[in-house]
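Engineer: First the structure, then my questions, so here it is.
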Amino acid sequence: MPEIAIIGSGFAALTTVRELRRRGIDAPVTVISPRDELHYVPSSIWIPAGLRSADGLRLPLTRFLARHKVRFVKASVTALDAARHEITTDTGAVLRADHIVIAAGGRFLKKLPGIENAIIPCEGIAAAEAIAARLPSIRKGTIAIGMATNPNEPGAIRGGPMFEYAFILDRMLRKDGRRDDVRMVFFSPSARPGQRLGERAVDRILAEMARRGIETHLGHKMVRIDPDRVVTEGGEIAADLILFQPGMTGPAWLADTDLPLSPGGMVRADEFCRVEGLEGLWVAGDSGSYPGPDWLPKQAHQADLQAKAVAANIAAQLKGKAPATRFTPELVCIMDSLDRGMLVFRRGRINLTLPALRPLHWLKRAFEHHYLRAYR
């Protein structure tokens, strides 16, 4: 019987598992990952405010994997031989599968000098805990929040959480009566950060920052990050706390494989999420570089849509049919500010933006509850 191996244990990997089983595929499935937990990072923005705990966002996968009859290999992938369909792990084990799904996520570029002086929020739950630990000590001073992209792949960016942190920290400081003594500055090499969301969304975001008194330092190339300042070609921002989201690239081990890679270091895929030119190899989520509009997002929702296409196409091949399911390019984002949320939606020619509304905050919380039911 054909075997399926999935690299990763995040959104794309687990959605692939669910969709394969939903389609009645009973082939052996192996998940390879150093982590047997799902970390629901989208809700980590609420950890500093106490709306969520770190433990509450780490979901053990033991029951989920057993329910779907999945073999779990706790290991990190170190190499992949595409020609032989062989995966090598840091345990020394070599696994072979007829279908391999690369859903290992991305990693953040750390070439900027001094980047270790900043907290990178989307690195995970621990980053949110670090922000929560640092924030109470800032009674006066400056918080600098910024983002950049991969210069070789401009779409490889996850900027939404940075806007959320700007609005959430502003709200928290006002609630504590500290906002007048704490300066907030948003910085980016882009003159209009968040353009993948659409021009109207950028206008709303910048207007909201202005309304809240969040200063902007935009359009200046970054030079370095010191322990107490952000240095750009357009000047310096003295800061007591620095949150910075760099651009993304693929897992480091991709560089030593025979996989086709994009200029940004991600696996090149077609509209069916097949690795270009290779049979039985698939990619979903942040590890891949896909055809589509220039606003194609790097976010959990898009990873889920790509995983659904992967599962449908593997199922088709196992039944002797050609892959025919294209992934849907779609962006859905609710930018939260603790009590309100701003909605952005893009699909095809549709680009909808709604202003910050209280029901959208609760919609985001309701979606989290609904999504995680499959893993609890």
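Engineer: Restricting the search to the stretch 241-253, which residues are aliphatic (A, V, I, L, M) and either assigned to a strand (DSSP E or B) or over 18 Å from the mean Cα position of the chain (by Cα) (or both)?
Structural biologist: Result: 241, 242, 243, 248.
Engineer: Which of the residues belonging to the stretch 118-140 are open to solvent by 10 Å² or more (accessible area, probe 1.4 Å), in contact (Cβ under 8 Å) with a residue 24 or more places away in the chain and part of a helix (DSSP H, G or I)?
Structural biologist: 122, 126, 127, 129, 132, 134
Engineer: With respect to the numbered conditions (1) open to solvent by less than 10 Å² (accessible area, probe 1.4 Å); (2) at pLDDT below 95; (3) not hydrophobic (A, V, I, L, M, F, W, C), which one is the sole condition not fulfilled by residue 246?
Structural biologist: With respect to (1) open to solvent by less than 10 Å² (accessible area, probe 1.4 Å); (2) at pLDDT below 95; (3) not hydrophobic (A, V, I, L, M, F, W, C), residue 246 is out only on (2).
Engineer: Consider the stretch 16-51. How many of its residues are open to solvent by 10 Å² or more (accessible area, probe 1.4 Å), under 24 Å from residue 288 (Cα atoms) and under 19 Å from the mean Cα position of the chain (by Cα)?
Structural biologist: 8
Engineer: State the number of residues belonging to the stretch 309-340 that are open to solvent by 60 Å² or more (accessible area, probe 1.4 Å) and touching a Gly at 6+ places or on another chain (Cβ under 8 Å).
Structural biologist: Final tally of qualifying residues: 0.
Engineer: Right, next: Give me a count of the residues in the stretch 1-10 that are open to solvent by 40 Å² or more (accessible area, probe 1.4 Å) and either under 19 Å from residue 76 (Cα atoms) or in contact (Cβ under 8 Å) with a residue 60 or more places away in the chain (or both).
Structural biologist: If we filter the stretch 1-10 for residues that are open to solvent by 40 Å² or more (accessible area, probe 1.4 Å), which is where we start, we get 1-3.
Within this subset, residues satisfying the condition of being either under 19 Å from residue 76 (Cα atoms) or in contact (Cβ under 8 Å) with a residue 60 or more places away in the chain (or both) are 2-3.
Looking only at that region, the number is 2.
Engineer: OK, next. For the stretch 147-191: of the residues being part of a strand (DSSP E or B) and of a type in the set (A, V, I, L, M), which is nearest to residue 236 (Cα to Cα)?
Structural biologist: Among them, the one singled out is 185.
Engineer: Considering the stretch 203-223 alone, what residues qualify as being exposed (fewer than 14 other Cβ atoms within 10 Å of the Cβ), among the basic types (Lys, Arg) and either touching a strand residue (DSSP E or B) at 6+ places or on another chain (Cβ under 8 Å) or part of a strand (DSSP E or B) (or both)?
Structural biologist: Passing the criteria: only 221.
Engineer: Which one of the conditions (1) assigned to a loop (DSSP other than H, G, I, E, B); (2) out of contact with any strand residue (DSSP E or B) (no Cβ under 9 Å at 6 or more places or on another chain); (3) more than 30 Å from residue 200 (Cβ to Cβ) does residue 312 fail to meet, given that it meets all the rest?
Structural biologist: Failed condition: (1).
Engineer: I would also like to ask the following. So, of the residues in the stretch 266-293 that are open to solvent by less than 10 Å² (accessible area, probe 1.4 Å) and either of a type in the set (Asp, Glu) or assigned to a loop (DSSP other than H, G, I, E, B) (or both), which turns out to be nearest to residue 82 (Cα to Cα)? Steps first, please.
Structural biologist: Here is the first cut: in the stretch 266-293, the ones open to solvent by less than 10 Å² (accessible area, probe 1.4 Å) are 266-267, 269, 273, 275, 280-285, 287-288.
Keeping just the survivors that are either of a type in the set (Asp, Glu) or assigned to a loop (DSSP other than H, G, I, E, B) (or both) gives 266, 273, 280, 284-285, 287.
Working: 266: 15, 273: 15, 280: 9, 284: 16, 285: 19, 287: 15 Å.
Residue satisfying both the conditions and the ranking: 280.
Engineer: Only one of 100, 87, 143 is in a strand (DSSP E or B) and either touching a helix residue (DSSP H, G or I) at 6+ places or on another chain (Cβ under 7 Å) or among the small types (Gly, Ala, Ser) (or both). Can you tell me which?
Structural biologist: Working: 100 fails: either touching a helix residue (DSSP H, G or I) at 6+ places or on another chain (Cβ under 7 Å) or among the small types (Gly, Ala, Ser) (or both); 87 fails: either touching a helix residue (DSSP H, G or I) at 6+ places or on another chain (Cβ under 7 Å) or among the small types (Gly, Ala, Ser) (or both).
None of the others qualify; the one that does is 143.
The values are calculated or read from the model by the stated rules, or taken from the named source; none is laboratory data. Just so we're clear, the structure is a prediction, and the values are computed from it rather than from any experiment. In this analysis, Cβ positions are derived from the backbone assuming ideal geometry, glycine residues included, and neighbour counts consider all displayed protein chains. Heavy atoms of the whole protein, side chains included, go into the accessibility calculation; ligands, DNA and RNA do not. Shrake-Rupley method; radii C 1.70, N 1.55, O 1.52, S 1.80 Å.
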